[in-house]
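Beneath this line is the structure, given in structure tokens, with notes to follow.
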Amino acid sequence: KSLNVAEFKKENRPMAVKRVKGIVILQDIAEKEGLRISDEDVSVAMAAMARNSGQKLEQVFKYYESQPGGLDNLRESLLAQKTLTFLYSSANKV
């Protein structure tokens, strides 16, 4: 069966909208709370990726550097994780 692009878009739109809303909400919270990703945060994340994948740190860095928006995307992902961690730690335990 071939891929019907219109059908694919229709079926996946609700999930995509929900995902984008979630990203925007996390970005707003991060901004309001003054959460930032430092160069050290990026280095620590890359070192963990290198360790977990068995690659050298330089290889991981070169990969992100070679991808369009790679380092920015990594920073955004790390900020989302940091924001979620902040929210979990700030939540009232029931």
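A simple spin-label model places the labels of Arg51 and Asn4 4.9 nm from each other, with each point 7 Å out along Cα-to-Cβ.
Counting protein heavy atoms only, the chain has 56 percent of its accessible area on carbon and sulfur, 1.4 angstrom probe.
Quick one: accessible area per residue over the chain, 1.4 Å probe, rounded to a whole number of Å²? List each step's numbers first, then the result.
Values: 7860 Å² over 94 residues.
About 84 Å² of surface per residue is accessible.
With all projection directions averaged, the alpha carbon convex hull of the chain covers 9.9 nm². Couplings for the stretch 46-52, taken from phi via the Karplus curve 6.51 cos²θ - 1.76 cosθ + 1.60 with θ = phi - 60°, read 5, 5, 5, 4, 4, 4, 5 Hz in order; Gly and Pro are left as x.
How much of the calculated P(r) for the stretch 46-94 lies past 17 Å, in percent of all Cα pairs? Display every interim value, and only then the final one.
On the way: 588 of 1176 pairs.
Cα-Cα pairs of the stretch 46-94 separated by over 17 Å account for 50 percent.
Please arrange Phe8, Phe86, Phe61 by accessible surface area, largest first, computed with a 1.4 Å probe and ligands excluded.
Numbers: Phe8 110, Phe86 60, Phe61 80 Å².
Largest accessible area first, the list is Phe8, Phe61, Phe86.
The values are calculated or read from the model by the stated rules, or taken from the named source; none is laboratory data. Owing to the predicted nature of the structure, the values given are computational and were not obtained by experimental measurement. Cβ: placed from backbone, ideal geometry, glycine included. Neighbour counts: every protein chain shown. Ligands, DNA and RNA are excluded from the accessible area calculation, which covers all protein heavy atoms including side chains. Shrake-Rupley method; radii C 1.70, N 1.55, O 1.52, S 1.80 Å.
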